[in-house]
Amino acid sequence: MGEDEVQKLIVRGGNRLQGRVKISGAKNAALAILPAVLLASEKVLLNNVPDIIDVRTMLRIVEDMGMTIRRRGRNSLEFHPSGLRGFSPPFSLVQKIRASSYLMGSLLGRFGKAMVPVPGGCDLGPRPIDQHLKGFTALGAACRIEHGVIRLAADKLTGAHIYLDVVSVGATVNLMLGAVLAEGRTVLENVAKEPEVVDLANMLNAMGAVVKGAGTDVIKIDGVRALGGAEHAIIPDRIEAGTFMLGAAATGGKVTVGEVIPKHLEAVTAKLREMGVAVEVEPEQITVSRTGPLLPSDLKTFPYPGFPTDLQPLGMVLLTAAPGTSIVTENVFDNRFRHVDELEKMGAQIKVEGRAAVIDGGVPLSGAPVSATDLRAGAALLVAGLIARGETVLGEVDHIYRGYENIENKLTALGAQIKRQNRGGSSGLTGDPG
Ligand code: EPZ
């Protein structure tokens with residue numbers, strides 16, 4: 001049964017996760033780097049590209065715009081940009097993924113024009129792009145929003161000094177893409193320091209761009225006339241790795257995640273140790289094991305290098321298993337607690353007060369029918385099902401396949417009991433997602 005036929009996942013709780021799991025390429029690096037390929041004037045080879053729905057959608061978008069793509073392996077792709085045409089990507093596909101907003105920067109940089117539908121909000125609250133548009137305007141683009149479409153145009157892009165009012169991964173990525181071919185120097189201040197931003201900068205520099213300071217809060221870009229090709233391997237997905245680390249701790253198991261870049265996971269490692277979990281860090285892998293009781297903790301999300309907002313739902317599931325009172329504070333998004341309602345259906349004792357969720361932990365969860373409200377909430381509910389008593393039926397699983405490659409097989413290989421139920425209601429053991 002392929003992923004597209006799966007409607008629900010049936011999870012039986014009680015098994016510890018044990019073993020080693022291979023971490024895929026980072027979704028949020030791939031989704032920033034694929035639009036950058038539109039800026040290349042020669043062949044580009046990308047390795048370690050995660051095979052997930054959002055990447056497949058982005059590939060269909062660039063292919064529809066004339067890019068020739070040759071698959072050299074499940075996770076290796078070769079791009080030939082000679083046939084690229086037009087500055088208006090297929091709206092039906094663009095509206096499927098938020099990261100398509102990055103097409104604004106790359107199309108503006110490449111063609112001096114871009115027409116992209118306003119990206120949909122999603123379950124994390126409003127997803128404004130005011131900082132993106134403020135930056136493009138500073139670079140000299142005229143910007144109009146009509147009938148839900150953002151129209152950008154610039155006879156020439158000129159470097160500018162741009163100060164972001166909000167630390168935004170998306171705005172940082174988008175403005176890097178728009179500035180690399182602008183004339184002169186662009187200074188971006190108060191930018192995001194996420195590893196995915198650094199990975200994009202490394203890829204752009206491999207193509208001949210001049211980007212300095214990625215990973216700090218000031219990025220300086222000296223525009224060049226054209227970008228060549230490159231070969232680049234996407235960094236490991238720190239959020240996928242963190243998902244398995246927190247899941248291992250929640251189930252009381254022992255899991256090694258690799259290959260990873262441990263520095264990208266320092267906030268997660270520190271929090272797990274604070275909760276009484278053993279974390280062994282080696283140069284390219286991390287082993288998480290827990291035998292004793294978990295300790296309650298206060299978990300606050302912040303932009304990198306703080307605890308990642310994308311692992312907040314997973315951290316919350318772990319804290320429901322720690323006897324005592326814990327507090328989760330979500331500082332990045334305005335509405336990233338929709339998984340709380342679902343966890344309460346499983347018996348979790350959680351009270352949301354504004355940006356804080358107060359958890360009365362130590363009460364075992366019980367299996368229940370629940371739904372994924374977004375990608376990371378879906379992963380969190382999968383882990384909740386692994387530690388709950390009885391059976392959990394998880395709906396809206398498409399959210400999970402958007403950002404996790406082969407997650408069921410990776411979990412069942414670690415000892416999880418997960419079955420697929422297709423849209424017709426019949427179920428079968430997880431097979432290759434096809
Ligand atoms: C990226 O989203 C990631 N998505 C998100 O991962 C991640 O949660 C987020 O960064 C924070 O790390 C991708 O990389 C594809 P932001 P993005 O702009 O760029 C506000 C996942 O599950 N803001 O850093 O949309 C915004 O409302 C996804 O993999 C403005 O006010 O996030 C939010 O409160 C979920 N104006 C805060 O900044 C703007 O112009 C951070 O958002 C832009 C953002």
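The values are calculated or read from the model by the stated rules, or taken from the named source; none is laboratory data. Computed from a predicted structure; not experimentally measured. Here the Cβ positions follow ideal geometry from the backbone for every residue, glycine too, while neighbour counts run over all protein chains shown. Surface areas here come from the heavy atoms of the whole protein model, side chains and all, with no ligands, DNA or RNA. Shrake-Rupley method; radii C 1.70, N 1.55, O 1.52, S 1.80 Å.
If you build a Gaussian network model of the chain, linking Cα atoms that sit under 10 Å apart, which residue out of Val180, Val149, Val116 swings the most?
Val149
List the residues whose amide H sits under 5 Å from the amide H of Ser24, counting only those 5 or more places along or on another chain, with H placed 1.01 Å from N in the peptide plane.
Asp237
How do His147, His161, His232, His399 stack up against each other in accessible area, from largest to smallest, with a 1.4 angstrom probe?
Details: His147 175, His161 125, His232 20, His399 45 Å².
Largest accessible area first, the residues go His147, His161, His399, His232.
Calculate what fraction, in whole %, of the accessible area of the chain sits on carbon and sulfur atoms when a 1.4 Å probe is rolled over the protein chains. Mind showing how you got there, number by number?
Working: 8060 of 16320 Å².
Result for the chain: 49 percent of the exposed heavy-atom area is carbon or sulfur.
For the Cα atoms of the chain, what angle does the longest principal axis make with the long axis of helix 169-179, in degrees from 0 to 90, nearest 10?
Value to nearest ten degrees: 20.
Does anyone have the angle between helix 375-387 and the longest principal axis of the chain? Alpha-carbon axes, 0 to 90°, nearest 10?
That helix lies at roughly 20 degrees to the long axis.
Calculate one ³J(HN,Hα) per residue across region 6-15 by plugging θ = phi - 60° into the Karplus curve 6.51 cos²θ - 1.76 cosθ + 1.60, and present them in order as whole Hz with x for glycine and proline.
6, 10, 9, 10, 9, 10, 9, x, x, 8
Given the chain, what percent of its DSSP beta bridges are antiparallel, to the nearest 5?
Around 75 percent of the beta bridges assigned by DSSP in the chain are antiparallel ones.
How would Arg389, Arg376 line up by accessible area, probe 1.4 Å, largest first?
In descending accessible area the options line up as Arg389, Arg376.
Go through His80, His132 and list them by solvent-accessible area, largest first, probe radius 1.4 Å. Write out the running numbers ahead of the final one.
Numbers: His80 45, His132 5 Å².
Per-residue accessible area, sorted high to low, gives His80, His132.
Give the accessible surface of the chain per residue, rounded to a whole number of Å², with probe radius 1.4 Å and ligands, DNA and RNA excluded.
With the other protein chains kept in place, the chain gives 38 Å² per residue.
Taking square-rooted eigenvalues a ≥ b ≥ c of the alpha carbon gyration tensor, is the chain rounded, prolate or oblate, where a/c under 1.5 means rounded and, failing that, a/b exceeding b/c means prolate?
Here the chain falls in the prolate category.
Where Lys and Arg each count +1 and Asp and Glu each count -1, what net charge lies around Val166 among other residues with Cβ under 13 Å from its Cβ?
-3
For the chain, what is the calculated [θ] at 222 nm in deg cm²/dmol (nearest 500), taking -39500 (n - 2.57) for each run of four or more DSSP H residues and dividing by its residue count?
-9000 deg cm²/dmol
Each residue of region 311-319 in turn: what ³J(HN,Hα) in whole Hz from Karplus with 6.51, -1.76, 1.60 and θ = phi - 60°, glycine and Pro shown as x?
Each residue's phi maps through the Karplus curve to give 9, 4, x, 5, x, 5, 4, 4, 5 Hz.
Take every DSSP beta bridge with both residues inside region 287-389 and express the antiparallel ones as a percent of the total, to the nearest 5.
Numbers: 10 of 15 bridges.
Here the antiparallel bridges make up roughly 65 percent for region 287-389.
Which of the three applies to region 112-172, rounded, prolate or oblate, going by the alpha-carbon gyration tensor with a ≥ b ≥ c and a/c under 1.5 meaning rounded?
oblate
Determine the alpha carbon to alpha carbon distance for each of Lys134/Lys271; Lys8/Lys263; Lys263/Lys419; Lys22/Lys345; Lys8/Lys96 and list only those over 27 Å.
Result: Lys134/Lys271; Lys8/Lys263; Lys263/Lys419; Lys22/Lys345 exceed 27 Å.
Report, to the nearest 10°, how far helix 102-111 tilts away from the longest principal axis of the Cα atoms in the chain, using its own Cα long axis and a range of 0 to 90°.
Once rounded, the angle reads 20 degrees.
Compute the relative contact order of the chain as a whole-number percentage, counting only Cα pairs closer than 8 Å that sit 6 or more residues apart in sequence.
The value is 21 percent.
Amide H of Leu299: which non-local residues (sequence gap of 5 or more, or other chain) have their own amide H closer than 5 Å, using H built in the peptide plane?
For Leu299, whose amide H was placed from the backbone, the distant partners under 5 Å are Ile327, Val328, Thr329.
Spelling out what I want: for every residue of region 271-277, take phi, set θ = phi - 60°, compute 6.51 cos²θ - 1.76 cosθ + 1.60 (Karplus), and round to whole Hz; glycine and proline get x.
My calculation for region 271-277 gives 5, 4, 4, 5, 8, x, 9 Hz in order.
Report, by chain and number, residues whose modeled amide H sits under 5 Å from the one on Phe307, excluding near sequence neighbours (fewer than 5 apart, same chain).
So Phe307 has HN proximity to Phe302.
Which of Pro262, Pro35, Pro313 moves most in a GNM of the chain, Cα contacts under 10 Å?
Most flexible of the set in this elastic network: Pro262.
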